[in-house]
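Peer 1: Dropping the structure in here first, questions after.
The values are calculated or read from the model by the stated rules, or taken from the named source; none is laboratory data. Predicted, not measured: the structure shown is a model, and the values here were computed from it. Cβ placement follows ideal geometry from the backbone for every residue including glycine, while neighbour counts extend to all protein chains displayed.
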């Protein structure tokens, strides 16, 4: 079958999460999936970017070639591109993508039509008026779960029990005042509960950072923990546990 001239939706990044979204969407609307090095780039009404944070700039250039109505990134980090946030989770097991949770996807204003398409595909999608607050809360979960799971080689659910819980809790205690200084309305107690709720909801998931470490790939540590460290320096707040885990993951990357 010849490729379409224009698709309702395109997903840039056929990783575990990108594949989860693309499979759901393709059951409802024609969906283009664009991988690294793709040369035949179709046009699309809406483009969802689900690549590693360090590949965002290249993905945005590809997305713009599709002449879309809108581009939204759902990947980790705090990059300066149109962004949403998703709590969906999936991991790869060989060539198979294992879905863990479809979660909640929040999009910025202007993406109402895309939200409707996602809902028709069975994905809970809503418009968030304060998308930055949602991004900061997602960053909280990422910096408390990803480094610990990657360092110890455990799934998210393990962080609810000793000895891993003490590390996740220490990271949450340090992150809370930093994110509060950035405008997120959150107490230390709320941060602790939020992190443990995410660990419970995605208990069977292998975090993206754990998957990267196991596969010998570059991780997103500089876009997650590194982002928090930059915010902490801005507000002159100490985050020694985060600094330690950043160094641990960087050492693991270099092996």
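Peer 1: Working carefully through the options 204, 226, find the one that is touching a strand residue (DSSP E or B) at 6+ places or on another chain (Cβ under 9 Å), surrounded by fewer than 21 Cβ atoms within 10 Å (Cβ to Cβ) and in the same structural domain as residue 144 (by TED's automatic domain parsing).
Peer 2: One residue alone meets the criteria, 204.
Peer 1: Filter region 215-224 for residues that are over 15 Å from the mean Cα position of the chain (by Cα) and either outside any helix (DSSP H, G or I) or at pLDDT 95 or above (or both) and give the result.
Peer 2: Just the residues of region 215-224 that are over 15 Å from the mean Cα position of the chain (by Cα), to begin with: 215-218.
Listed by number, the residues that qualify are 216, 217, 218.
Peer 1: Would you be able to tell me the number of residues in region 180-191 that are over 13 Å from residue 142 (Cα atoms) and either part of a loop (DSSP other than H, G, I, E, B) or under 20 Å from the mean Cα position of the chain (by Cα) (or both)?
Peer 2: 6
Peer 1: Go through region 239-255 and give me each residue that's surrounded by 12 or more Cβ atoms within 10 Å (Cβ to Cβ) and touching a residue at least 40 places away in the same chain (Cβ under 8 Å).
Peer 2: 239, 241, 242, 245, 246, 248, 249, 252, 253 - these are the residues of region 239-255 that are surrounded by 12 or more Cβ atoms within 10 Å (Cβ to Cβ) and touching a residue at least 40 places away in the same chain (Cβ under 8 Å).
Peer 1: If a residue must be farther than 17 Å from residue 14 by Cβ and at pLDDT below 90, how many such residues does region 55-75 contain?
Peer 2: 1
Peer 1: Now for a different question. Of everything in region 225-255, what is closer than 27 Å to residue 93 by Cα and at pLDDT 95 or above? Give them in sequence order.
Peer 2: Hits for region 225-255 are 225, 245, 246, 248, 249, 250, 251, 252.
Peer 1: Then there's this: Criterion first (outside the structural domain of residue 141 (by TED's automatic domain parsing) and touching a residue at least 40 places away in the same chain (Cβ under 8 Å)) does residue 34 satisfy it?
Peer 2: Answer is no for this residue.
Peer 1: Got a number for residues in region 15-52 being farther than 15 Å from residue 88 by Cβ and surrounded by fewer than 18 Cβ atoms within 10 Å (Cβ to Cβ)?
Peer 2: 14
Peer 1: Report the residue count in region 1-23 for those that are in contact with a helix residue (DSSP H, G or I) (Cβ under 9 Å, 6 or more places away or on another chain), assigned to a helix (DSSP H, G or I) and at pLDDT 95 or above.
Peer 2: Within region 1-23, residues that are in contact with a helix residue (DSSP H, G or I) (Cβ under 9 Å, 6 or more places away or on another chain), assigned to a helix (DSSP H, G or I) and at pLDDT 95 or above number 1.
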